[in-house]
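In what follows, a single structure is set out as structure tokens and then discussed.
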Amino acid sequence: MNCHKLTGPAQLLAIVVLTGAVAVAQPRAGGPPPGNIASLKTALLPKPTNLAQYVRNETALVALGKALFWDAQVGSDGQTACATCHFHAGADHRLQNQLASPAGVTTALTGNRTMKADDFPFRRLANPNNNNSAVIRDTRLVAGSAGVVHRTFFDVNAGLHTDDGATVSSAAPTSLAGLELRQVTNRNSPSVINAVFNVRNFWDGRASRIFSGSTPFGDSDTGLTVLVNSANGLQPERVRMDNASLASQAVGPALNAIEMSYNGRKWPKLGRKMLSLRPLGRQKVATDDSVLGEMANPEGNGLRGEYGYQQLIEQAFQPEYWGGGQIVDASGSILKAAAAASNSNEFRQIEYNFALFFGLAIQAYESTLISDQTRLDQFLEGNTQALTALEQQGLAEFGGGGSQCTVCHAGPELTTASYTRAAAPNVNPGDPNDLGFFRIGVSPISEDLGLGGQDGFNAPLLLPNRPGAADGTFKTPGLRNVELTGPYFHNGGQATLEQVMDFYSRQGDFGGANLGPGIGNIRLNAAERTQVVAFLMALTDDRVKYERAPFDHPALCIPVGHVETEPGVPALDDSSPVTSMSALDRWALIPASGKGGNAVPLQTFDELLRGIGNDGTRAHTLTESCQP
Ligand code: HEC
Ligand code: HEC
């Protein structure tokens with residue numbers, strides 16, 4: 001079967017038939033579920049190849065990964081963790097200073113703005129069911145995630161959580177009334193939960209399934225990225241690990257000058273800093289944390305003294321990758337035999353190889369974040385009571401010809417960007433649709449090329465490349481816990497699932513060439529939309545909703561916009577020379593949860609917009625302040 005030559009309805013059929021050959025559906029009353037939807041427990045889970053070459057203890061690896069993911073000291077400002085943008089059902093849940101414009105687009109955007117319910121959807125039409133109707137307003141915004149203030153990196157300080165650097169002055173919207181704001185990503189944060197099932201990660205798939213030990217870009221990165229210790233001393237070595245997209249992904253943000261880093265920081269420097277600090281040293285860890293509890297420091301913050309990053313790395317990794325005594329420079333050349341580093345540009349092997357440890361550890365932790373106990377999963381495993389009649393109608397509708405949802409959201413993962421799908425016969429790697437990437441008119445192609453773009457080495461993201469074929473296609477997200485992960489789409493332009501249904505009913509926001517195969521003929525009446533939304537709400541795993549193990553976590557203080565002394569005038573952060581010219585942050589506490597989770601459910605994005613649950617009936621309402 002040669003899918004990519006077909007167009008229109010024939011192609012739809014081809015995809016449906018092809019996915020039909022893949023997964024083993026669970027038997028249930030009323031015949032097999034549509035689109036090969038099955039319990040997530042039946043999904044093909046990737047196992048990184050040649051892991052044992054580097055790793056000797058996978059339990060220790062998960063603990064190291066959880067500490068690194070939640071540790072705000074990883075950020076150059078000592079205040080920004082991976083979890084800062086992935087703390088809420090694996091995604092972001094902040095309202096203020098979260099707006100950006102797509103690359104190359106100028107918007108009437110004010111930095112530090114607080115999103116309001118009325119801002120959504122970003123593109124508002126006279127008739128929400130007709131994408132040719134008059135445009136009432138289109139703000140061309142992206143609801144992204146606030147990272148760090150734009151600063152130049154000077155050096156790390158051993159024993160200190162903050163790096164040395166200098167604030168760089170910029171233009172609006174990153175600056176407001178002369179003060180620098182935290183920069184905002186120009187795509188929305190997807191959830192890290194179930195991301196392990198994605199063959200490639202990021203909306204545009206640029207986190208390769210091949211891990212190079214240093215960058216997200218897989219085989220484009222041919223460098224000898226690590227040092228291995230042998231009888232002849234330290235030798236440079238190439239890393240090439242398949243089924244490891246999450247490791248590729250993880251080595252991106254930590255040095256990224258928008259997300260976590262001052263501009264110019266390198267891995268050995270970050271290694272030196274983290275190895276000198278107590279893991280999670282400024283954050284509370286619950287003594288009943290499902291992974292870190294036994295190591296937690298009951299008297300204060302972080303882990304106990306005997307669980308430093310050095311010890312965690314030594315426990316998890318093979319000694320060939322950290323035990324060498326020689327000292328190297330920033331490019332791995334040997335400077336001297338066993339000795340102490342005598343200046344800030346001399347490194348130990350364990351510092352030099354830090355990207356390898358960081359990527360593999362975070363991948364191992366994220367691989368435990370699997371939400372396979374939703375009511376849909378229970379239903380598909382044979383508990384016919386798990387879904388209400390309305391939700392079962394929604395399931396049928398989700399797989400029906402009127403909705404076409406399972407053309408793209410198919411299989412146990414509810415996305416075809418999965419390993420289950422990739423294992424099917426005749427998958428064409430040069431066909432974006434076969435890879436689970438589709439063009440559905442969320443934004444004009446010209447604004448964001450998605451999989452049609454290039455990686456950090458200027459190689460096309462789609463290989464073998466067919467120019468134009470992947471332009472404007474984005475990874476189909478799996479939909480579990482979607483109730484909790486708004487706003488939706490790569491631009492964060494829809495606040496509610498009802499708005500998403502309107503989007504599909506009008507065949508996307510941008511028609512014509514901005515639409516690809518698989519979308520364009522969706523027909524859903526009001527009753528059917530209600531059914532589908534009910535079905536989407538049944539995709540929540542209670543362990544995610546109440547932050548029970550494995551979704552429990554350390555405390556984290558997150559920046560939620562900047563303090564303004566009067567509207568449009570931020571206050572200055574005069575706490576240190578590094579923060580000169582920078583706006584003062586507002587902070588909100590995400591309290592630590594132990595393995596038993598919280599008493600109240602997570603707040604949805606729509607509830608956040610409307611202030612629902614601020615009375616203590618929801619978790620993560622961002623109403624309790626903290627000091628990072
Ligand atoms: C400043 C906010 C921010 C920080 C900090 C951050 N991320 Fe993200 N993350 C994002 C955004 C935005 C995306 C989507 C970007 C894209 O697709 O281009 C993303 C995407 C991801 C994805 C891909 C999920 C998918 O379905 O494709 C994973 C996994 C992830 N991040 C993990 C991490 C890890 C691990 C760290 C720390 C090393 C981290 N993030 C730090 C904002 C952030
Ligand atoms: C042609 C493929 C295709 C079809 C058909 C399709 N989707 Fe999607 N869906 C996608 C892609 C691709 C995205 C991400 C698009 C983007 O952000 O640019 C997405 C995103 C979503 C999201 C947002 C998830 C998030 O985390 O942001 C939801 C919810 C969703 N789809 C539900 C549905 C439902 C319900 C249907 C059926 C009415 C449907 N989809 C039909 C491909 C498809």
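The table for this structure:
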| quantity | calculated |
| --- | --- |
| Lone unmet requirement of (1) closer than 24 Å to residue 151 by Cα; (2) touching a residue at least 24 places away in the same chain (Cβ under 8 Å) for residue 346 | (2) |
| Tally, over segment 133-142, of residues that are more than 10 Å from ligand 1 (Cβ to nearest atom) and either surrounded by 14 or more Cβ atoms within 10 Å (Cβ to Cβ) or within 21 Å of the chain's Cα centre (by Cα) (or both) | 4 |
| Selection within segment 446-479 - among the aliphatic types (A, V, I, L, M) and either more than 11 Å from ligand 2 (Cβ to nearest atom) or at pLDDT below 95 (or both) | 449, 459, 461, 462, 463, 469, 470 |
| Long-range neighbours under 7 Å by Cβ, at least six apart or interchain, first residue under 19 Å from residue 72 (Cβ atoms) within segment 237-261, second more than 8 Å from ligand 1 (Cβ to nearest atom) and aliphatic (A, V, I, L, M) | 251/355; 254/270; 261/255 |
| Test: residue 544 is of a type in the set (A, V, I, L, M, F, W, C) and either touching a strand residue (DSSP E or B) at 6+ places or on another chain (Cβ under 7 Å) or surrounded by fewer than 18 Cβ atoms within 10 Å (Cβ to Cβ) (or both) | no |
| Of the criteria (1) under 13 Å from residue 37 (Cα atoms); (2) β-branched (Val, Ile, Thr); (3) in a loop (DSSP other than H, G, I, E, B), which one residue 427 fails | (1) |
| Meets criteria (in contact with a helix residue (DSSP H, G or I) (Cβ under 6 Å, 6 or more places away or on another chain), in contact (Cβ under 8 Å) with a residue 24 or more places away in the chain and either charged (D, E, K, R) or within 16 Å of ligand 2 (Cβ to nearest atom) (or both)) for residue 278 | no |
| Inter-residue pairs, beta-carbon under 8 Å, first more than 19 Å from residue 445 (Cβ to Cβ) and in segment 98-120, second in a loop (DSSP other than H, G, I, E, B) and among the aromatic types (Phe, Trp, Tyr), 6+ apart | none |
| Flag if residue 109 is more than 16 Å from ligand 2 (Cβ to nearest atom) and more than 26 Å from residue 197 (Cα to Cα) | yes |
| Complete set of residues in segment 307-339 that are surrounded by fewer than 18 Cβ atoms within 10 Å (Cβ to Cβ), of a type in the set (Ser, Thr, Tyr) and closer than 15 Å to residue 354 by Cβ | 331 |
| Selection within segment 107-122 - farther than 20 Å from residue 479 by Cα and buried (at least 21 other Cβ atoms within 10 Å of the Cβ) | 111, 112, 115, 120, 122 |
| Residue tally, condition of a type in the set (Asp, Glu) and within 16 Å of ligand 1 (Cβ to nearest atom), over segment 203-229 | 1 |
| Leading residue by the ranking (farthest from ligand 1 (Cβ to nearest atom)) among those in segment 426-441 that are at negative phi and buried (at least 24 other Cβ atoms within 10 Å of the Cβ) | 433 |
| Those residues of segment 608-628 which are β-branched (Val, Ile, Thr) and either farther than 24 Å from residue 283 by Cβ or surrounded by 19 or more Cβ atoms within 10 Å (Cβ to Cβ) (or both), in sequence order | 612, 617, 621 |
| First in segment 49-66 and on the phi > 0 side of the Ramachandran plot and at pLDDT 95 or above, second anywhere and of a type in the set (S, T, N, Q) and surrounded by fewer than 22 Cβ atoms within 10 Å (Cβ to Cβ), Cβ under 6 Å, 6 or more apart | none |
| Qualifying residue in segment 275-285 (condition: within 24 Å of the chain's Cα centre (by Cα), outside any loop (DSSP other than H, G, I, E, B) and within 25 Å of residue 330 (Cα to Cα)) | no |
| Matching residues, segment 199-210, being in a loop (DSSP other than H, G, I, E, B) and either crowded, with 24+ Cβ neighbours inside 10 Å or within 16 Å of ligand 2 (Cβ to nearest atom) (or both) | 199, 200, 202, 203, 204, 205, 206, 208 |
| Residue tally, condition in a loop (DSSP other than H, G, I, E, B) and within 30 Å of residue 560 (Cα to Cα), over segment 105-140 | 16 |
| Filter result for residue 213 (surrounded by 18 or more Cβ atoms within 10 Å (Cβ to Cβ), at pLDDT 95 or above and out of contact with any Asp or Glu (no Cβ under 7 Å at 6 or more places or on another chain)) | yes |
| So residue 558, is it touching a strand residue (DSSP E or B) at 6+ places or on another chain (Cβ under 8 Å) and among the β-branched types (Val, Ile, Thr) | yes |
| Verdict on residue 608 being modelled with pLDDT of 95 or more, out of contact with any His (no Cβ under 8 Å at 6 or more places or on another chain) and closer than 24 Å to residue 194 by Cβ | no |
| Criterion violated by residue 303 - all others in (1) surrounded by 22 or more Cβ atoms within 10 Å (Cβ to Cβ); (2) closer than 30 Å to residue 202 by Cα satisfied | (2) |
| Which listed residue is within 12 Å of ligand 2 (Cβ to nearest atom) and buried (at least 21 other Cβ atoms within 10 Å of the Cβ), from 520, 486 | 486 |
| Residue match in segment 98-106 (condition: of a type outside the set (A, V, I, L, M), modelled with pLDDT of 95 or more, within 11 Å of ligand 1 (Cβ to nearest atom) and crowded, with 16+ Cβ neighbours inside 10 Å) | yes |
| Test: residue 566 is more than 9 Å from ligand 2 (Cβ to nearest atom), at pLDDT 95 or above and over 29 Å from residue 371 (Cα atoms) | yes |
| Any hit, segment 143-157, residues being hydrophobic (A, V, I, L, M, F, W, C), at pLDDT 95 or above and assigned to a loop (DSSP other than H, G, I, E, B) | yes |
| Qualifying residue in segment 529-539 (condition: part of a loop (DSSP other than H, G, I, E, B), in contact (Cβ under 8 Å) with a residue 12 or more places away in the chain, surrounded by fewer than 17 Cβ atoms within 10 Å (Cβ to Cβ) and within 16 Å of ligand 1 (Cβ to nearest atom)) | no |
| Qualifying residue in segment 218-233 (condition: crowded, with 18+ Cβ neighbours inside 10 Å and within 27 Å of residue 550 (Cβ to Cβ)) | no |
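The values are calculated or read from the model by the stated rules, or taken from the named source; none is laboratory data. Since we're looking at a predicted model, the values are computed, not measured. Methodologically, a virtual Cβ is constructed for each residue, glycine included, from the backbone with ideal geometry; neighbour enumeration extends over all protein chains shown.
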